[in-house]
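Please read the structure below before turning to the comments.
Every number in this text was worked out from the coordinates using simple rules, so none of it is lab data. All values derive from a computational prediction rather than experimental measurement.
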Amino acid sequence: ESGALFDSVSDRWGELFVCVGLAWYLRDSIWLLAVMGAICGSMLVSYTRARAEGLKVELSGGLMQRAERIFVIVSGTLLGAWFTLGDSPTGVADGTAIIGGTLSLVAVASTGTAISRWIMAYRVLAKRDAIRYGTSPAPVVIEEPAVVAKPEPVRTSEIFAPVPKALRESAELPL
């Protein structure tokens with residue numbers, strides 16, 4: 001168990017170090033938002049799985065797990081570096097766009113994976129609760145908004161009740 005903990009935590013630190021380095025590289029561009037999204041999505045994938053496992057729900061799978069994230073980020077970074085180091089006058093801009101696009105892909109796919117895992121875990125836990133408590137999970141019903149008549153103006157005397165004398169005096173005492 002200690003090895004599994006060390007492996008999981010060191011993987012998260014390694015992923016954060018890579019993303020922090022990419023954030024530093026992209027700090028002056030709009031692609032910094034892609035790095036932030038990739039960090040958030042990656043952490044949510046890991047957290048959702050860990051939290052579900054803490055509740056005894058086994059989650060696996062998803063489009064953007066750790067190995068897929070690492071592969072996509074490394075591939076995009078190497079491709080972006082190749083364009084940046086080329087002789088093209090737009091090489092740096094092209095390389096930055098490739099890295100930013102890669103991180104945008106990771107952000108969207110990781111967030112999708114985290115949401116998918118969240119929904120799967122919720123369904124398992126809702127079924128478990130239904131069995132345990134003898135109830136069925138309530139279906140979600142979305143109703144059409146009702147037409148609301150324009151409310152009458154409210155008078156302040158209807159909102160604020162008069163304050164009793166004893167309470168008013170106690171509030172005026174010095175501390």
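Tabulated data
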read-out: Taking only Cα atoms of region 15-56, radius of gyration then Dmax in Å; value: 13.0, 43
read-out: Longest to shortest principal axis, alpha-carbon extents of region 91-136, angstrom; value: 63, 10, 7
read-out: Region 1-107 - convex hull of the alpha-carbon atoms, volume per residue in Å³; value: 89 Å³
